[in-house]
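See structure below.
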Amino acid sequence: MPNVTFIADDGTETVLDVAVGTSIMEAAVMSNVDGIMGECGGSINCATCHVYVQNAGGFGLPDVGEVENEMLDATAAERRPESRLSCQLIMTEAMAGLIVRLPDAQY
Amino acid sequence: MPNRITSQIDPFSPEFRADPYSAYAELRSLGKVVYLEKHDIWCVHHYDTCQKVLTDYDTYSNAGGGGIRNYFKEKPWRKPSIILEVDPPEHTRTRTVLSRALSPKVLRQIRERFDADAARMVAEVRDRGEIEAVSALTRAYPLKVFPDSVGLAEEGRENLLIYGTMVFGAFGPVVPWYEEYMETHKDVPDWIVRRCQRDMLAEGGIGQIIYGAADEGKITEEEAMMLVRTFLSAGVDTTVDSIGLCLWALARHPEQYAKLRDDPTLARNAFEEATRWDSSSQSLFRTTLKETELAGQTIGANEKVMIFIGSAGRDPEHFEDPDTFDISRKIKGQMGYGVGIHGCVGQMFARLEAECFFQAFAQQIDSMAVTGPTGLRMHPGLRGLTTLPLALTPKAA
């Protein structure tokens, strides 16, 4: 299974194997990664699965969608160019080795 | 007659309203998709099928109306909601405006006020011994902080509860009680519309944020008014009832309340667990746009499907030991706010409101006990308490 590295705001690193087709948010929540809430269950409604993608190039990540874009303007932590909602990042083989940093707050 | 599993269970009967959970267990044991002959509707009641129906909006539409009445076949009681009762792509624009108005960024600025109001309201009753907790707390608190946040004037706020009863009462079949209620309070919908106008809403409130989207050209002035109306319809009763049911659950599980009392930071998780275990919104409706197959069952076009999210929260295929109320449960993906594009747009607001309330409560109250009969609302609409007599023991100062 391809893996994703989560780096918490305090520097703690967690590497997870993520099944293809599962969102990064779901993988993090199911493995109790602190710092990703995903309270709305992936409905692009709560903006509590906000991540900063550290190495976006070459992974074929989907473009930021219209609703995601609006919600990224309203996250608890500041929006940066590399901001994404991790519920919208659905795992593919090509995404192996992705690294995401977690913001200091989700709500 | 098509092949199907049928049941005589009536989800709008007093017996069902008094104890939906044993009916859910029966439905789950019957099969994944059941036809309720009393009302000629389909229903789903397992976590996986509820999730499937709620997320497949190409098949299961909201434009057919949020309740049992089928707008594809009959006229709605009010102009359909421009966010609840529409499908994409129209839905996306209005939904996004509301999502942003209720986003973490906005809520962070509101939290302090929620904390202060909750602490003050609990302090007012903490030494009274015995209270009727619905009127003293679980209705009073949302009725204060919610309209304050929207920017509504103080006067006439009880109309919000009346309007909520009208909105949620329309969910089920028409009964004489409801028709009388609509007649008695026929002026209230106009009152609500007047209060939703731009010049009636205080600066800095969520109402003005929604009108700000009209200034940016994302929605029209009329749509802004309707979104404020939607927010007022959907945000008061739901939180009143959910906070009330959570307090009731905690009062009946002293060992769970003790955990919260000893660690008030569990408040958000406690409310999340209560929303799974017993919450105000027990079911939703969708209407099929085309013939479809669900878990082996063929369902025709233009058919109503009732989704028992209250049952999804008790589905042992998804939640371990689902009938146990455990506020320290690591709870993921509970469906009490629905899920998918029509998942409750105010869910972050509701969580914050409840978190602040139960945190303040746990900081001040050592223990509580139910001292008399509680009342459950039996007329159509949400699940909620009418009375909750509670004896409170304050924490030592």
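Of the candidates B:GLU273, B:GLU216, the single residue that is surrounded by 21 or more Cβ atoms within 10 Å (Cβ to Cβ), within 14 Å of chain A (Cβ to nearest Cβ) and not hydrophobic (A, V, I, L, M, F, W, C) is B:GLU273. Within the stretch B:362-369, can one find any residue that is surrounded by fewer than 21 Cβ atoms within 10 Å (Cβ to Cβ), over 24 Å from B:TRP42 (Cβ atoms), in contact with a Ser or Thr (Cβ under 6 Å, 6 or more places away or on another chain) and among the acidic types (Asp, Glu)? Within the stretch B:362-369, one or more residues are surrounded by fewer than 21 Cβ atoms within 10 Å (Cβ to Cβ), over 24 Å from B:TRP42 (Cβ atoms), in contact with a Ser or Thr (Cβ under 6 Å, 6 or more places away or on another chain) and among the acidic types (Asp, Glu).
Filtering the stretch B:386-397 to residues that are more than 26 Å from the chain's Cα centre (by Cα) and crowded, with 21+ Cβ neighbours inside 10 Å leaves only B:LEU392. Please verify whether the stretch B:242-254 includes one or more residues that are modelled with pLDDT of 95 or more, of a type in the set (Gly, Ala, Ser) and surrounded by fewer than 19 Cβ atoms within 10 Å (Cβ to Cβ). Checked against the condition, which is being modelled with pLDDT of 95 or more, of a type in the set (Gly, Ala, Ser) and surrounded by fewer than 19 Cβ atoms within 10 Å (Cβ to Cβ), the stretch B:242-254 yields no hits at all.
Of all residues in the stretch B:86-112, exactly one satisfies the criterion of being away from every other protein chain (no Cβ under 13 Å), surrounded by 14 or more Cβ atoms within 10 Å (Cβ to Cβ) and either touching an Asp or Glu at 6+ places or on another chain (Cβ under 7 Å) or acidic (Asp, Glu) (or both), namely B:ASP87.
Is it fair to say A:THR5 is in contact (Cβ under 8 Å) with a residue 40 or more places away in the chain and surrounded by fewer than 16 Cβ atoms within 10 Å (Cβ to Cβ)? It is true that A:THR5 is in contact (Cβ under 8 Å) with a residue 40 or more places away in the chain and surrounded by fewer than 16 Cβ atoms within 10 Å (Cβ to Cβ). Scanning the stretch A:54-107 for residues being aliphatic (A, V, I, L, M), closer than 16 Å to A:GLU26 by Cα and buried (at least 19 other Cβ atoms within 10 Å of the Cβ) gives a total of 7. Note on the stretch B:356-385: residues that are more than 16 Å from the chain's Cα centre (by Cα) and not in a loop (DSSP other than H, G, I, E, B) total 16.
Taking strands (runs of 3 or more DSSP E) as the structural unit, those lying wholly within the stretch A:34-103 and holding at least 1 residues that are at pLDDT 95 or above, under 13 Å from the mean Cα position of the chain (by Cα) and within 12 Å of chain B (Cβ to nearest Cβ) correspond to A:50-53, A:83-85.
So that you can scan it fast, the table gives a plain yes or no per residue for (1) in a loop (DSSP other than H, G, I, E, B); (2) surrounded by 21 or more Cβ atoms within 10 Å (Cβ to Cβ); (3) among the aliphatic types (A, V, I, L, M); (4) at pLDDT below 95:
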residue	(1), (2), (3), (4)
B:THR298	no, no, no, no
B:ALA301	yes, no, yes, no
B:VAL305	no, yes, yes, no
B:ARG314	yes, yes, no, no
B:ASP323	yes, no, no, no
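The combined condition, being in contact with a strand residue (DSSP E or B) (Cβ under 6 Å, 6 or more places away or on another chain) and crowded, with 24+ Cβ neighbours inside 10 Å, is fulfilled by A:CYS49.
The values are calculated or read from the model by the stated rules, or taken from the named source; none is laboratory data. Values in this document were obtained by computation on a predicted structure and should not be read as measured data. With ideal geometry, Cβ positions are generated from the backbone for all residues, glycine too; neighbour counts draw on all protein chains shown.
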